[in-house]
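Just so it is clear, none of the values below were taken in a lab; they were calculated from the coordinates. Here the structure is a predicted model, which is why all the values come from computation and not from measurement. Cβ sites come from the backbone with ideal geometry, for glycine too, and all protein chains shown count toward neighbours.
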Amino acid sequence: MRTNQVPEHIVVRQRGELHGTVDVPGAKNSVLKLMAATIMADGTHELTNVPAIADVAIMGDLLAAIGVDSTVPEPGRLVLTNRGDLVPVAPYELVERIRASINVLGPLLGRCGRVRLAMPGGDDFGARPIDMHVAALETMGAEFKFSHGDVEARADRLHGAAVSFAFPSVGATENVLTAAVFAEGVTTIDNAAREPEVVDLCDLLVAMGADIAGVGTSTLTVRGVERGSLRPVGHRTVADRIQAATYMAAVAVAGGDVVVRDARPEHMSNLLARLADMGMDFEPVPGGLRVAASGRLRSIDVQTLPYPGIATDYKPLVITMLSVADGVGIVTENLYPGRFRYVEELLRLGADVRTNGHHAVVRGVPRLSGAPVRAHDIRAGAAMVVAGLAAEGETVISGVGHIDRGYDDLVGRLRSVGADIERV
Ligand code: UD1
């Protein structure tokens, strides 16, 4: 599997409307967790609709170190073989490359009764603590030790417990869920995250033989089963709602009419309602969603919230759309206070955005002006590409490695609907 990216640039030139059909691959934020869950059953698992992104390769390297080998027999298919003799250790060199490495904690603790992993670092948009993961697993009987940058957890066998989250953390929900599968007795998780990617993980675990009730609601009930009782299965990764939103944002700023194939409108209903308020048209079509926009869109106010609210991962795209909309929009971030770094880059393109704490005030301008800009993280990078579609002249984006972590051929897909974009 390919893990090293050569530094490159993406060059975007404004050309006009987008037309045609674009396919949305499987979700990064799901597939990495599905991969980690293969730790829980020996044998050969098969995931399909797997995006060709750098993070999948990095998670593959981490799982190989633990004892799960993976191959890609053809694009979109990932075969993972759990050899059974696992090493429950996640070393720093691998953990620091990918935040989702924290998702091996629950599966390894449940399966092996012990785990040592390097403490995950932050992203460019701020610190990402794991206190909720730790506190919940402690109520299930785990003992934690932190030293030399590592976190170690032990519990011969976890026991069921009533876990109630103060905030519906995606990662903490996933770790408690996977750990509870092999716990003795019943675990309830109140205020659980309900993201489609959490549901996808539940669906996989249930197919493997786990006993989980309340899937898709904010109360999950997990009845523990014996270690060794799960079986490997085949599973199709849920479509990526953030990638789908990226193609919608591209249509929003460039105009046009595009079918986003495999987009799941039921996973994006709040976002679609707000984009309709801005003046976009949506029409479900067999196997996807038709997205159309013409002329300048209207500004709206938006706040990010846990699912089913507007996801924080959409926000750089939304701010980019508002940058060229008619009017003033206020965007409030409720998940990651520092997540506005890409705004500096938008300013270089001529956007009028002011940030203050959790808020951004975006005064729409008629058009942006192409310039060199940097991708600071995955979603901000995609937003720069979208901004380039609305910028006169040439926009040159560096930091492309960030985009490759989460986007499967963003350049080729946008080109297929008529964008003037290339990698150099
Ligand atoms: C996941 C997604 C990320 C998305 C986020 C919120 C993956 C790989 N990443 O991240 O793209 O932006 O959900 O939808 O799926 N928190 C704590 N203590 C904890 C856990 C979380 O304070 O123990 C805080 C975080 O710092 C953050 C907020 O809770 O401010 C949301 O975090 P969480 O839902 O856990 O996000 P992730 O699972 O890390």
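Phi angles of region 150-157 translate, via the Karplus equation with coefficients 6.51, -1.76, 1.60 and θ = phi - 60°, into HN-Hα couplings of 9, 10, 10, 10, 9, 5, 3, 9 Hz per residue; Gly and Pro are given as x. In this structure, the amide hydrogen of residue 164, modeled 1.01 Å from its nitrogen in the peptide plane, lies closer than 5 angstrom to those of 190, counting only residues at least 5 positions away or on a different chain. Quick one: grab the alpha carbon gyration tensor of region 315-385, order the square roots of its eigenvalues as a ≥ b ≥ c, and give me rounded if a/c is under 1.5, else prolate or oblate depending on whether a/b is larger than b/c. In terms of gyration-tensor shape, oblate.
Close amide-amide hydrogen proximity is noted between residue 309 and no other residue 5 or more places distant or on a separate chain, at a cut-off under 5 Å (H modeled in the peptide plane; Pro and chain starts excluded).
Per the Cα gyration tensor, region 248-335 maps to an equivalent ellipsoid with semi-axes of 20, 17, 9 Å, ordered largest to smallest.
Here the chain is assigned +1 on the Cβ of each Lys and Arg and -1 on the Cβ of each Asp and Glu. Its dipole about the Cα centre then comes out at about 280 debye.
Restricting attention to the chain, close to 70% of DSSP beta bridges with both partner residues there are antiparallel. Each residue of region 311-326 was assigned a 3J(HN,Hα) from its phi angle through the Karplus curve 6.51 cos²θ - 1.76 cosθ + 1.60 (θ = phi - 60°); the sequence is 5, 4, 5, 7, 4, x, 5, 5, 5, 5, 4, 5, 4, 10, 8, 8 Hz, with glycine and proline shown as x. Size descriptors for the chain: radius of gyration and Dmax over Cα atoms are 21.3, 62 Å.
Given the peptides 158-164, 244-250, arrange them by the average over their residues of other C-beta atoms within 10 Å, most packed first.
On the way: 158-164: 18.4, 244-250: 27.4.
The densest-packed peptide leads the list: 244-250, 158-164.
Amide H contacts of residue 184: 158, 159, 160, each under 5 Å away and 5 or more positions distant or on a separate chain (H built 1.01 Å from N in the peptide plane; Pro and chain starts excluded).
Estimated from helices alone, the mean residue ellipticity of the chain at 222 nm is -9000 deg cm²/dmol (sum of -39500 (n - 2.57) over DSSP H runs with n ≥ 4, per residue). Taking one equal scatterer on every alpha-carbon of region 28-236, how large is log10 of I(q)/I(0) by Debye at q = 0.09, 0.10, 0.12, 0.18 1/Å? Once normalised to I(0) and log-transformed, intensities are -0.29, -0.36, -0.53, -1.32.
For region 220-289, the average shadow cast by the Cα convex hull is 7.0 nm², which is a quarter of the hull's surface. The Cα trace of region 362-424 gives Rg and Dmax of 11.5, 32 Å, the first to one decimal, the second as a whole number.
Counting pairwise Cα distances across region 295-422, what percent come out greater than 25 angstrom? That fraction is 20 percent.
Counting only DSSP beta bridges with both residues in region 28-236, the antiparallel share comes to about 75 percent. For region 118-248, taking the reciprocal of the average inverse distance between every pair of different Cα atoms yields a Kirkwood hydrodynamic radius of 15.8 Å.
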